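Participant: Take this structure first; my questions come after.
The values are calculated or read from the model by the stated rules, or taken from the named source; none is laboratory data. Treat the numbers as computed from the prediction; the structure is a model and nothing was measured. We place every Cβ from the backbone using ideal geometry, glycine too, and count neighbours over all the protein chains shown. Ligands, DNA and RNA are stripped out before the accessible areas are found, and what is left, the full protein with its side chains, is counted by its heavy atoms. Shrake-Rupley method; radii C 1.70, N 1.55, O 1.52, S 1.80 Å.
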Amino acid sequence: MSANSKLTIAAHALAWIGLYQRRGHEVATSEQIAASANTNPVVIRRLLGELRRAGLVESRRGMGAGWTLARALESMTLLDVYEAVEPGPLFAMHRSTPDQGCVVGHGIQPTMQSVYEGIEETVRHELARVTLAKVLQDVLAAPR
């Protein structure tokens, strides 16, 4: 199993758009953002669609088409981004119900659910503490 990078790529896209707008540009294209993230523009468009539904970005069609921030980076947290692109729980249970006649099969889901709820609460708390403005600040301060 591999880790999911949607949150990281979505944060990358938002920070990129924020910086691009701070430098005087009105809209950013998915191709420009994709080049920075070294991914396909289709991946970026899908993520930006999820971010648009969450009210974090807006899109323009026609002449001057592209993407803009719907809110200031200072008012967006990583939790906002996470909830936009990862709507489900962080961890999942078995795809089918374990053997309830087995002592482990009977008790594993409630046991793990309790653990996962604590982890999820901690993750959400930490993500809520970090704004996209802070992400961009740290990105710009990173040694090259």
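Participant: Can you tell which of Arg144, Arg124 is surrounded by 10 or more Cβ atoms within 10 Å (Cβ to Cβ), among the basic types (Lys, Arg) and under 30 Å from Leu56 (Cβ atoms)? Show your work before the answer.
Facilitator: Values: Arg144 fails: surrounded by 10 or more Cβ atoms within 10 Å (Cβ to Cβ).
Arg124 is the lone residue from the list that is surrounded by 10 or more Cβ atoms within 10 Å (Cβ to Cβ), among the basic types (Lys, Arg) and under 30 Å from Leu56 (Cβ atoms).
Participant: To continue, here is another question. If the Cβ limit is 6 Å and pairs must be 6+ apart or interchain, which residue in the range 119-144 that is in a helix (DSSP H, G or I) pairs with which residue that is open to solvent by 80 Å² or more (accessible area, probe 1.4 Å)?
Facilitator: If the second residue must be open to solvent by 80 Å² or more (accessible area, probe 1.4 Å), the pairs left are Ala133/Glu74.
Participant: Would you please list the contacts, defined by Cβ atoms under 6 Å and residues six or more apart or on different chains, that run from a residue in the range 26-51 that is closer than 19 Å to Ala84 by Cα and open to solvent by 30 Å² or more (accessible area, probe 1.4 Å) to a residue that is of a type in the set (A, V, I, L, M) and in a helix (DSSP H, G or I)?
Facilitator: Pro41/Ala34; Glu50/Ala84; Glu50/Val85
Participant: Take the residues of the range 72-90 that are open to solvent by less than 80 Å² (accessible area, probe 1.4 Å) and assigned to a loop (DSSP other than H, G, I, E, B): which is nearest to Lys6 (Cα to Cα)? Please lay out each step first, then the result.
Facilitator: Filtering the range 72-90 down to residues open to solvent by less than 80 Å² (accessible area, probe 1.4 Å) leaves 72-73, 75-82, 84-86, 88, 90.
So of that shortlist, the ones also assigned to a loop (DSSP other than H, G, I, E, B) come out as 72, 76, 86, 88, 90.
On the way: Ala72: 21, Met76: 16, Glu86: 8, Gly88: 13, Leu90: 13 Å.
Filtering the range 72-90 for residues that are open to solvent by less than 80 Å² (accessible area, probe 1.4 Å) and assigned to a loop (DSSP other than H, G, I, E, B), the one nearest to Lys6 (Cα to Cα) comes out as Glu86.
Participant: Does Val57 count as surrounded by 14 or more Cβ atoms within 10 Å (Cβ to Cβ), at pLDDT below 95 and under 21 Å from Ala13 (Cβ atoms)? Even if it seems obvious, please write down each step before you answer.
Facilitator: Working: surrounded by 14 or more Cβ atoms within 10 Å (Cβ to Cβ): yes; at pLDDT below 95: no; under 21 Å from Ala13 (Cβ atoms): yes.
Criteria not met by Val57.
For every residue, the table says whether it meets (1) of a type in the set (D, E, K, R); (2) at negative phi.
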residue: Ile17; (1), (2): no, yes
residue: Ala28; (1), (2): no, yes
residue: Ala37; (1), (2): no, yes
residue: Arg53; (1), (2): yes, yes
residue: Val57; (1), (2): no, yes
residue: Gly62; (1), (2): no, no
